[in-house]
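Read the figures in this text as sums done on the coordinates, not as results from a lab. This is a predicted model, so every value here is computed, not measured. In this analysis, Cβ positions are derived from the backbone assuming ideal geometry, glycine residues included, and neighbour counts consider all displayed protein chains.
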Amino acid sequence: MRVRRLRGSGRHLSEQVWTALIVVAAVLIALLSSGRLGPSLSDSQRNAAFDPSRLSPSMVPLVTGDEPIRELFTRAGCPVCHTIPGIGGADGRVGPTLVMGTTGPKRLADPSYRGRAKTVKEYLIESILEPGVYVTPGYPDRTKPRWYGQRLSAGALEKIAVYLEQITEENPSSQ
């Protein structure tokens with residue numbers, strides 16, 4: 001199990017705790033941004049939400065793809081880790097900035113890339129469904145839960161990929 005040290009604290013957090021914190025933050029952002037808290041949680045669900053060892057895919061809201069683009073990214077939790085040009089509040093620092101029209105082709109051409117994708121769109125979907133296939137140099141592996149893509153419908157994956165593949169460093173907002 002990998003352990004990270006918090007700066008200046010002398011305390012260490014395991015990868016499982018980091019994953020739990022990221023997912024809990026994503027859920028909270030999604031709930032707050034949607035303007036509703038949705039169905040109320042039972043006491044056991046509420047307690048499990050704060051116990052990293054009990055974190056499960058059912059605790060992350062399903063993203064359908066019918067949401068407006070900003071809400072889709074927010075509900076999916078992407079802004080917690082990534083900076084996404086054109087999406088207000090998406091200024092995460094854990095994962096790479098998502099300017100995939102520029103960086104996608106470079107990642108596909110990287111000799112260390114071992115995935116099956118042939119296009120940027122395929123790469124984006126693969127990165128969500130199988131995040132360990134290629135880890136961008138300089139960023140930590142195993143940060144995104146491996147089950148994360150299970151909470152996104154095919155429509156949501158498509159909408160995310162289409163949006164992100166249009167963003168370039170020269171044209172940072174596709175809308």
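Below are the figures for this structure:
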read-out	value
Among 124-136, 95-107, the order from most to least packed when residues are scored by Cβ within 10 Å on average	95-107, 124-136
Under the Karplus curve 6.51 cos²θ - 1.76 cosθ + 1.60, θ = phi - 60°, whole-Hz ³J(HN,Hα) for the stretch 114-128, x wherever Gly or Pro sits	10, x, 9, 5, 10, 10, 4, 4, 5, 4, 4, 5, 4, 5, 7
Total formal charge among the other residues, if their Cβ is under 11 angstrom from that of Leu157, Lys/Arg +1 and Asp/Glu -1	0
Table column - 3J(HN,Hα) (Hz), the stretch 139-146, Karplus curve with 6.51, -1.76, 1.60, x for Gly and Pro	10, x, 7, 6, 7, 7, x, 5
Under 14 Å, Cβ to Cβ, from Ile69 - net charge with Lys/Arg +1 and Asp/Glu -1	-2
Net charge of Cβ neighbours under 13 Å - reference Pro85; Lys, Arg +1; Asp, Glu -1	-3
Rotationally averaged projected area of the stretch 62-175 (alpha carbon convex hull; nm²)	6.4
Phi to ³J(HN,Hα) by Karplus 6.51 cos²θ - 1.76 cosθ + 1.60 over the stretch 97-103, Hz, x for Gly, Pro	5, 9, 10, 6, x, 9, 7
Hits among lysines - C-alpha to C-alpha of Lys159 under 21 Å, sequence gap 8 or more where chains match	Lys118, Lys121, Lys144
